[in-house]
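*Asks:* The structure is given below, and queries will be raised subsequently.
The values are calculated or read from the model by the stated rules, or taken from the named source; none is laboratory data. Computed from a predicted model, the values in this text were never measured in an experiment. Heads up, the Cβs are rebuilt from the backbone with ideal geometry, glycines too, and the neighbour counts pull from every protein chain shown. The accessibility values were calculated without ligands, DNA or RNA, using every heavy atom of the protein model including side chains. Shrake-Rupley method; radii C 1.70, N 1.55, O 1.52, S 1.80 Å.
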Amino acid sequence: MKLKNSFFYTLREDVKDEDSVSSNLLVRAGYIRKSSAGVYMMMPLGLKVMNKIMAIIRDEMDKTGCQELLMPALIPEDVYVASGRRAGFGSSMFSLKDRKGQPYVLGPTHEELFANAAKMKIRSYKDMPFSLYQMQTKFRDEPRPRYGLIRTREFIMKDAYTFDKDEAGLDAAYQKQFNAYKNIMDRLHLNYRIVRADTGIMGGLLSEEFQAVTPLGEDILVLCDKCGLSSNIEVAACVPEKPEVQEPEEELRLAETPNSRTIDEVVSFFHKDAKHFVKTLIYNVDGKAAAVMVRGDRDVNETKLRKFLNATDVELAEPEMVREATGADIGFAGPINIKCPLYADEEVTYMQNFIVGANKTGYHYTGVNQKDMKIDKVGDLRNIMEGDTCPVCGGKIHFAHGIEVGNTFKLGTKYSKAMGLQYLDQNNKLQDVWMGSYGIGPARAMAALAEQNADENGINWPVNVAPYQVAIVIISMKDEAQVAEANRIYDELTAKGYDVILDDRDERPGVKFKDMELIGIPYRITVGKGIKDGNVEFKSRTSEKEDIRTADIVEKVTEILSR
């Protein structure tokens, strides 16, 4: 591409309404531009990167034997009603009606349609296995779009689906897709970890996430370097901390605690460590109150709680529901004589002589023990914390943050049952098809790469996804010899199939250099006064420049890009 007459621009200043390093750089470098909250234009440079990422994804999908198709984005709403997922998506699904009043949605995901498509082929066990994938735009009405391309309302996703006759077949198909995903992440040069995750609204038997490691990431990754444990915090198992010695039980006492509602205020009032307190939180679980106990320095894991109670919706209760359950203002809830089901994190059952709210405004109980309350059910209900014991090897847990770039699901028969996807087995009996689902967000991968490869000058793209591999900068457009030599090098490199930028703008050299660093071109050839001596300057984006003979420059670039 020659820049003089192309659609090319950069911004010198940071963008005020972008809240991440990657989104700021991608906008400044002319890769993307915000159209509205959570919706972005993909500009020519951005589309070049996206297309290269998608080419890598397509290549690995095709190697698995997966066939590409394209599903519609406009889908009748009753498809999701039939699968039971319409209520689960709720207001996050864009909905509309056609001129006849029929309800439609903009597809947030396509499991149902793929199951319907599979019905066209599947009659017997002999019709499987097979797999399908697409690159399609998805729509989700995110309440808080943020971080540029990382959390958006409209985005392209590669989603693939496998179809098998039994669980053993699903396991084999899953492993094939899983390995393809690892190849994709490696070829993109992402720094990533694979973690176990919650199946969420997708459901099924297993979910694993491919997380790009970066401080920006919204997800907390639970890691153990000793045994290699990798998990999303949503599903990370906890080892309860037990007292080293048994204490004699104290007498239960009611203590007045004016103006002490939060755990910090109560800790300050009693001058004790938070480990000596138990928090009782009131949740609205599918419309009914439920109390959950965790140690004072712990947090309830709502994903675990939802699964523990087999619930659809779990959220902290509104003040009115709290008062009905406790008889007190917010901040004084406790387990003794509470008027709703009481659940406890396992760790609480090992505690002795602890302090709780008294279900009486302005009061707490001290000297509380297990005999003083009636717990309905005990389970692992808390978030793991850094420094906690690894549930696998007993080592110490540490955290990292990640951007979910890809995920893989063993769906089992959830969608085939809902959509009537069946086959006749060897005994001529109807059986449900076993499905797997596999997604990658190319735009998220692009943002993650920008985040991981940002420096003070711009983006340092891996060479295989950079929009252009080589930039040729002409120092003086008035020097005919420089212009001629730059065009010769440009023509020879493009003839070899390389993506090359020729910066032939009437700009100062410093502007050209800064722009090429900002947009992240891996290699730069500078054609300047040195051509009088038969030399051009060559440098990678992160190395020192060196003089190369003009006759040798094409061969040198070819050698580097062929590695």
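*Asks:* Sort 273-285, 53-65 for me by packing, meaning the mean count of neighbouring Cβ atoms within 10 Å per residue, highest on top.
*Replies:* 273-285, 53-65
*Asks:* Moving on. Averaged per residue, what accessible area in Å² does the range 433-479 show with a 1.4 Å probe, protein chains only?
*Replies:* 26
*Asks:* Using the Cα atoms as the points, what is the convex hull volume per residue of the chain in Å³?
*Replies:* 210
*Asks:* Please label the shape of the range 1-80 as rounded, prolate or oblate, based on the square roots a ≥ b ≥ c of the eigenvalues of the alpha-carbon gyration tensor (a/c under 1.5 means rounded; beyond that, a/b larger than b/c means prolate, else oblate). List each step's numbers first, then the result.
*Replies:* On the way: a/c = 2.44, a/b = 1.50, b/c = 1.63.
In terms of gyration-tensor shape, oblate.
*Asks:* Going by amide H atoms built from the backbone, whose H comes under 5 Å of the H on Y363, apart from near neighbours?
*Replies:* Long-range HN contacts for Y363: T257, A358.
*Asks:* Equivalent ellipsoid semi-axes for the range 284-424, as square roots of 5 times the alpha carbon gyration tensor eigenvalues: give them largest first, rounded to whole Å. Present the calculation step by step, with values, prior to reporting the outcome.
*Replies:* Details: eigenvalues 225, 100, 40 Å².
Equivalent ellipsoid semi-axes, largest first: 34, 22, 14 Å.
*Asks:* Quick check: at a probe of 1.4 Å, how many percent of the accessible area of the chain sits on carbon and sulfur atoms? Walk me through the numbers before you get to the answer.
*Replies:* Numbers: 12380 of 26130 Å².
Percent of accessible area from carbon and sulfur atoms in the chain: 47.
*Asks:* Quick check on my link table: of K52/K97; K182/K556; K48/K121; K242/K377; K288/K410; K304/K339, which ones sit more than 26 Å apart, alpha carbon to alpha carbon?
*Replies:* Checking Cα-Cα distances, K52/K97; K182/K556; K48/K121; K288/K410 exceed 26 Å.
*Asks:* Where does helix 44-63 land angle-wise versus the long Cα axis of the chain, in degrees 0 to 90, nearest 10?
*Replies:* Taking Cα atoms only, the helix is inclined about 70 degrees.
*Asks:* Round to the nearest 0.05 the FRET efficiency obtained for K119 and K288 when R0 = 51 Å and r is the Cβ-Cβ distance.
*Replies:* Computed FRET efficiency for K119 and K288 comes out at 0.85.
*Asks:* At a 1.4 Å probe radius, which order do V322, V21, V235 fall into by accessible area, largest first?
*Replies:* Details: V322 15, V21 80, V235 50 Å².
Of V322, V21, V235, the descending order of accessible area is V21, V235, V322.
*Asks:* Next question, about the same structure. To the nearest 10 degrees, how steep is helix 167-187 against the longest Cα principal axis of the chain, on a 0 to 90 scale?
*Replies:* The helix 167-187 is inclined about 50 degrees to the chain.
*Asks:* For D299, which sequence-distant residues (separation of 5 or more, or a different chain) have an amide H within less than 5 Å of its own amide H, given hydrogens modelled in the peptide plane?
*Replies:* Those qualifying (amide H under 5 Å, at least 5 residues apart or on another chain) are N383.
*Asks:* Right, next: Mind running the shape call on the range 227-346? Use the C-alpha gyration tensor, a ≥ b ≥ c as the square roots of the eigenvalues: rounded below 1.5 for a/c, prolate if a/b tops b/c, oblate otherwise.
*Replies:* Oblate shape, in that a/c is at least 1.5 and b/c is the bigger or equal ratio.
*Asks:* In the chain, what percentage of the DSSP-assigned beta bridges are antiparallel, given to the nearest 5? Before the final figure, lay out each step's value.
*Replies:* Working: 88 of 109 bridges.
Among the beta bridges of the chain, antiparallel pairing accounts for roughly 80 percent.
*Asks:* If pairing requires two Cys Cβ atoms under 4.7 Å apart, which cysteines of the chain are left without a partner?
*Replies:* Result for the chain is C66, C238, C340, no neighbouring Cys Cβ within the cutoff.
*Asks:* Which residue, S83, L421, T10, has the largest displacement toward the positive end of the dipole of the chain when charges sit on each Cβ (Lys, Arg +1; Asp, Glu -1)?
*Replies:* The residue sitting most towards the positive pole is L421.
*Asks:* Per-residue HN-Hα couplings for the range 495-502, Karplus 6.51 cos²θ - 1.76 cosθ + 1.60 at θ = phi - 60°, whole Hz, x for Gly and Pro?
*Replies:* 5, 7, x, 8, 8, 10, 9, 10
*Asks:* Check which residues have an amide H placed less than 5 Å from L411's amide H, if you skip close sequence neighbours.
*Replies:* So L411 has HN proximity to L205, M435, G436, S437.
*Asks:* Now for a different question. Provide the packing ranking of 297-307, 484-494, 93-103, i.e. peptides ordered by the mean count of other C-beta atoms within 10 Å per residue, highest first.
*Replies:* 297-307, 484-494, 93-103
*Asks:* Right, here's the next one. Before anything else, pin down the relative contact order of the range 398-485: Cα pairs under 8 Å, at least 6 apart, normalised by residue count, whole percent.
*Replies:* After rounding, I find 22 percent.
*Asks:* Hey, what did the chain get for relative contact order, percent, Cα under 8 Å, at least 6 apart?
*Replies:* Reported relative contact order: 17 percent.
*Asks:* Quickly estimate the mean residue ellipticity at 222 nm for the chain, helices only: each DSSP H run with n ≥ 4 gives -39500 (n - 2.57), and the total goes over all residues, rounded to 500.
*Replies:* -7500 deg cm²/dmol
*Asks:* What shape does the range 387-510 have by the C-alpha gyration tensor, where a ≥ b ≥ c are the square roots of the eigenvalues, rounded means a/c under 1.5, and otherwise prolate means a/b greater than b/c and oblate the rest?
*Replies:* On the way: a/c = 4.77, a/b = 1.99, b/c = 2.39.
Verdict is oblate for the range 387-510.
*Asks:* Mind checking the angle between helix 442-452 and the chain's longest principal axis? C-alpha axes, 0 to 90 degrees, to the nearest 10.
*Replies:* It is inclined by approximately 90 degrees.
*Asks:* Still on this structure: Defining a contact as two alpha carbons under 8 Å apart and six or more residues distant in sequence, what relative contact order in percent does the range 414-560 show?
*Replies:* 20
*Asks:* Also: What's the ranking of 347-359, 37-49 by average number of surrounding C-beta atoms within 10 Å, highest first?
*Replies:* Values: 347-359: 20.9, 37-49: 17.9.
My ranking of the peptides, most packed first, is 347-359, 37-49.
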